[in-house]
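This report refers to the structure that appears directly beneath it.
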Amino acid sequence: MASQNPVAEAPNIWAVAQSQFDHAADKLSLDDGMRRVLRVPQRELTVNFPVTMDDGSVAVFTGHRVQHNVSRGPGKGGIRYHQDVTLDEVRALAMWMSWKCACVNIPYGGAKGGVVVDPKKLSIREVEGLTRRFTTEISPLIGPDRDIPAPDVNTNAQTMAWIMDTYSMHHGYTIAGVVTGKPISIGGSLGRNEATARGAVFTLLQASKALDVPLVGARVAIQGYGNAGSIAATLLADEGAKIVAVSDSTGGIHNAAGLDPAKVSSWKQEHGTVVGFPGSDEISNREILEVDCDILVPAALENQITKQNAPNIKAKIIAEAANGPTTPEADEILYDRGVFLIPDILCNAGGVTVSYFEWVQDMQSFFWTEERINESLKEIMDRAFESVHAMSERHEVDMRTAAYMVAVARVAEATTLRGLYP
Ligand code: NAD
């Protein structure tokens, strides 16, 4: 059961993010001054900080917090713990957050953070120590009115609880709104866990209407069976779609007659993998992208759909639950082939949207029902889809370019209206 990663090329994602911005800036005929401003992050903080390890030794870790643009509101973006974190990666993710928040029109700028660490090699106590010291080191930047972190790769609700507690200890009172993605009992929001997948399904419902590809009976393949992928499988099955293939980092499974997402989740929980699920055939993570289906949902990693496999993709619709799963060359191939792609900054923006609801609830100390959260999420996702789709039709551009045009225009407008200080 080998792990297969179809990354044949791994472009620097900061170069990719900048080239996507350049493309939208060209289409918007953005002036040169504004391009220079928006092409680079506004603030970058790199910190090297000590942590006492369980054996009494001192280790020094490196982390970053980057704010790309905060013209539309406080910075917003996750914190990632991964051994491969680089400043360039954090820059790209921060820029994508600016566009994502602007694309769905929530009042945030873009930010992101990361620590170079493989947290699986640390004890829980060491991860807590690392989190508290990293929070202290980036505390000049973060705050409920300035920059609001959230979970990302290898960080979770517990990590957010430690960040919130550390920040609150510095101030002497509880400041729940400094992070989102917290446990419900300390100011988290109902519906946050499902929000990314639910938002993606709302965009798919809109796409299915626009393209006249009914979700009922549609065959769906999903790469990645974590938070985004597994919940998307359940919600799509609830809409009447047939989940024909899913995968995780260990490999994939296929059954043309359909897989039951709840049973696959129980199997994965018990065996640590989707592979071996009764009644399914094993397929690789390369094959899952090219499997015969109507809808493909990449919900794992960056750079999965490349110029190598884009010509072989059978899906009519691709819904990017993952961030950055498609390279710019693959985008062009897919567009020429008439594949309808719902880009990441629109498709997976449900997560940050419900984070926004969490922050609003924290600031008001007034908590909403799950029904209200899901209804408000639908309103925002539907409106965002309509703006992007209309832009794509008006300018005859692909949906990613259209989403960037909508987003970049909003950030540029806010930056222009505020003027250049001093
Ligand atoms: P997760 O860690 O819960 O799940 C990731 C899944 O991908 C796991 O099933 C893992 O086994 C699988 N995976 C890892 N490597 C793989 C490989 N080489 N091939 C196939 N599968 C592989 O993470 P998540 O929160 O579901 O995030 C998935 C993607 O969605 C990421 O790109 C993330 O940035 C994006 N995203 C998530 C959220 C959110 O709220 N969770 C919000 C926006 C975007």
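Over all distinct alpha-carbon pairs, what is the Kirkwood Rh of the range 42-175 in angstrom?
Computed over Cα pairs of the range 42-175, the Kirkwood hydrodynamic radius comes out at 14.8 Å.
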- How many percent of DSSP beta bridges within the chain run antiparallel, rounded to 5? 50 percent
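With a 1.4 Å probe and all protein chains left in place, how much of the accessible area of the range 193-342 comes from carbon and sulfur atoms, in whole percent? Intermediate values should be presented prior to the final figure.
Numbers: 2780 of 5640 Å².
Carbon and sulfur: 49 percent of the exposed surface of the range 193-342.
How much mean residue ellipticity at 222 nm does the chain get from its helices, if each DSSP H run of length 4 or more adds -39500 (n - 2.57) and you divide by all residues, to the nearest 500 deg cm²/dmol? Spell out each step's value before the answer.
Numbers: 14 runs with 193 residues, N = 422.
So the helix-based figure for the chain works out to -14500 deg cm²/dmol.
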- Note on the structure: For the range 182-253, the Debye formula with one identical point scatterer on each Cα and no solvent gives log10 I(q)/I(0) at q = 0.14, 0.16, 0.21, 0.22 Å⁻¹ as -0.49, -0.61, -0.90, -0.95
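At 10 °C and 1.306 mPa s, what whole-number value in µm²/s does Stokes-Einstein give for the translational diffusion of the range 67-116, with Rh from the Kirkwood sum over Cα pairs? Kindly include the intermediate steps, with their values, before the conclusion.
On the way: Rh = 10.5 Å.
The diffusion coefficient I find is 151 µm²/s.
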- Query: Given Lys209/Lys242; Lys268/Lys307; Lys100/Lys121; Lys182/Lys307; Lys76/Lys378; Lys112/Lys182, which pairs have Cα atoms separated by over 27 Å?
  - Reply: Lys268/Lys307; Lys100/Lys121; Lys182/Lys307
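Whole number please: convex hull volume per residue of the Cα set in the chain, in Å³? Kindly include the intermediate steps, with their values, before the conclusion.
Values: hull volume 60.0 nm³, N = 422.
Convex hull volume per residue, Cα atoms: 142 Å³.
What Kirkwood hydrodynamic radius do you get for the range 334-422 when you take the inverse of the mean 1/r over all pairs of distinct Cα atoms, in Å?
Working: mean 1/r = 0.0664 Å⁻¹.
This gives a value of 15.1 Å.
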- Query: For the range 263-420, what is the convex hull volume of its Cα atoms per residue in Å³?
  - Reply: 175 Å³
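With both bridge residues required to lie in the range 42-175, what share of the DSSP beta bridges run antiparallel, to the nearest 5%? It would help to have the intermediate numbers written out before the result.
Working: 17 of 28 bridges.
In the range 42-175, approximately 60 percent of DSSP beta bridges are antiparallel ones.
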- Message: Please compute, for the alpha-carbon atoms of the range 212-315, the extent along each of the three principal axes and give them in descending order in Å.
- Response: 36, 30, 23
- Message: Mean-square fluctuation check for the chain, GNM, Cα pairs under 10 Å: which of Val104, Val411, Val117 is largest?
- Response: Val117
- Query: Amide H of Gly77: which non-local residues (sequence gap of 5 or more, or other chain) have their own amide H closer than 5 Å, using H built in the peptide plane?
  - Reply: Ala111, Ile148, Ala150
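Restricting to the range 193-342, what percent of DSSP beta bridges are antiparallel, rounded to 5?
Details: 7 of 22 bridges.
Just about 30 percent of them are antiparallel.
When ligands, DNA and RNA are left out and all protein chains stay put, how many square angstrom of accessible area per residue does the chain have with a 1.4 Å probe?
That works out to 41 Å² per residue.
The values are calculated or read from the model by the stated rules, or taken from the named source; none is laboratory data. Everything numeric in this text was worked out from a predicted model, so none of it was measured. Accessible surface areas use protein heavy atoms only, side chains included; no ligands, DNA or RNA. Shrake-Rupley method; radii C 1.70, N 1.55, O 1.52, S 1.80 Å.
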